[in-house]
Every structure is written in C-alpha cells, then in structure tokens.
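The next block holds one structure in the form of structure tokens; read it before the comments.
Please treat every number below as a calculation from the coordinates, not as lab data. Only a predicted model underlies this, so the values are computations on that prediction, with no experimental measurement involved. Note that each Cβ is placed from the backbone with ideal geometry, even for glycine, and that neighbours are counted across all protein chains shown.
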Amino acid sequence: MPTPTTRGLRRLELSASRPESAMNFYAELFGWVVIAEPGDAYSGWAGDRLATRITPGEDPTWRVTFAAKQPRVIDAHTDTDAGRPLHGPWAPPPRPGEPCWVELVNPVEDDAHWTAELGWTSRTPDEDFTLYDSITPQPRAVTGRLRTDQALPSGWLTYFAVPDLAAALATANGLGASTVAEPRRVPTGHVAAIAGPDERICALLENPAGWGGEHHRVD
C-alpha cells in the first residue's frame, strides 16, 4: 500500500547544551513569546503558533516532525506524528518569526527513499535542487532537497520568516551570531543563513508569501 502523503510540518525541535540561552537568542531575534516547560525545555511562539521547541542536548541538527496519520520514526532527525500540520503549503501564511520552509541538505539517502517514506514526488530528481511535492489533494511543495558544497551541515536546514533581511542579520550579529551564507536571491526568495551563538545554523527568508517563499507562488 502506498505511504500516505505528509502535507506539512507538525513540529520543529532543536537541542542545545544551554537551552535557555539558545532560546533567548532566537526569541530576541524573532520576537517569540517563550514558555518554560518541564525538563529544562522551552517553546517559542509567534503569536498563537508554535515556532520551535528547544530541549537539552548536543545534536547540532534540527529535528523535523511532519504531520501524518500516525507517529513513525524515519531517521535520527525526521519523524511523523498524528495531527494537523501547523506549518506548510495549506497552513496560513507564515508570520514573522515562524518556520516558513525546510530543506534537506546533502542527504545520504536518495530521493526515492524520501518519496517512498513520506509519500512525496520529486520534481527534478537529477538536479542539485528539487522540490518534494505532496500529491494530495493537489501537488504542493512540502520541502526541498539540496546538494551543495556550501558550508552547511547535512540534515534539515530550517528557514524562518523575517520582514527585513538586512535588519534581521544586523540583529543576529549583534546577538553573537555569524553569517555563514551572505544574502542572495535564490528560487526560494531573498535569503541568508546564520550560525547562532550555539553554532546551530538556520536560514532567514525575507517576507515569504507562503510556505516555501517563491515556491508557494508556482505550485
């Protein structure tokens, strides 16, 4: 039986050796409301929408949970959980500070693995970049896959929406972050990537019209 397609992001998590310090950085950068949770964990909210949970740990890679019919572990950084997608092509447009895209960077597995595991199709599997589409109720880009020689760790690269990329970079640098990918125009939109004081890397996307920025417009 074909794997039911996953239609968006259910949850996004990051581990850090000092969760409170890491959350303070992201909250200051993105304007999140922070809620302390048991076990030295913290959740950051953009209005009434959960943006990210930060928990104790040393793993430098973002953990992505996609919405599906039942919980399932895909690999060390990917799983599914029951419930509706909070972020994705059918969710409301991302607010400033919300996750607005995720991209799989230099994965070990090929496209066939991911499309089989999560019920997607790959638009351009032979190219360095491809979109993975949900196939129901109609094709929409859920995520992308990128092969690159840029200084980016393998795994999920998370994009956050910002209203002004230059201002967000200045704020991030003032909070102790470093710029690992300078601002540029790519098919997703106007983007840059930063490494926070905890050395975790994320991307900033300016004024995305929807999930995936410009990819949302061409679905």
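Key figures for this structure:
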| read-out | value |
| --- | --- |
| The chain: calculated mean residue ellipticity at 222 nm from DSSP helix runs of at least 4, using -39500 (n - 2.57) | -4500 deg cm²/dmol |
| Label-point separation in nm, ARG72 to VAL34, each point 7 Å along Cα→Cβ | 3.7 nm |
| Within the chain, longest stretch free of exposed trypsin sites (Lys or Arg not before Pro) [DSSP loop, at most 13 other beta carbons within 10 Å] | 70-146 |
| Prolate/oblate/rounded label for the stretch 59-100 (Cα gyration tensor, a/c 1.5) | oblate |
| With Cα atoms, 0 to 90° folded angle of helix 19-30 axis to the chain main axis | 80 degrees |
| The stretch 1-78 - Rg over Rh from alpha carbon coordinates, Kirkwood radius | 1.02 |
| Net charge of neighbours whose Cβ lies under 11 Å from the Cβ of MET23, counting Lys and Arg as +1 and Asp and Glu as -1 | -3 |
| Cβ-placed point charges (K, R +1; D, E -1), dipole of the stretch 159-219 about Cα centre in debye, nearest 20 | 80 debye |
| For the chain: relative contact order, % (alpha-carbon pairs under 8 angstrom, 6 or more apart) | 20 percent |
| Separation of alpha-carbon centers, the stretch 18-33 and the stretch 129-179, rounded to whole Å | 18 Å |
| Beta bridges by DSSP in the stretch 9-218, antiparallel share as percent, to the nearest 5 | 75 percent |
| HIS77, HIS215 arranged by Cβ crowding within 10 Å, fewest neighbours leading | HIS77, HIS215 |
| Angle in degrees between helix 165-174 and the longest Cα principal axis of the chain, rounded to the nearest 10 | 50 degrees |
| Dipole of the chain, positive end: most advanced residue of ILE135, ALA41, HIS190 [Cβ charges, Cα centre] | ILE135 |
| Reference-scaled alpha-carbon Rg (2.2 N^0.38 Å with N residues) for the stretch 9-218 | 0.95 |
| The stretch 9-218 - charge dipole about Cα centre, Lys and Arg +1 at Cβ, Asp and Glu -1, debye rounded to 20 | 640 debye |
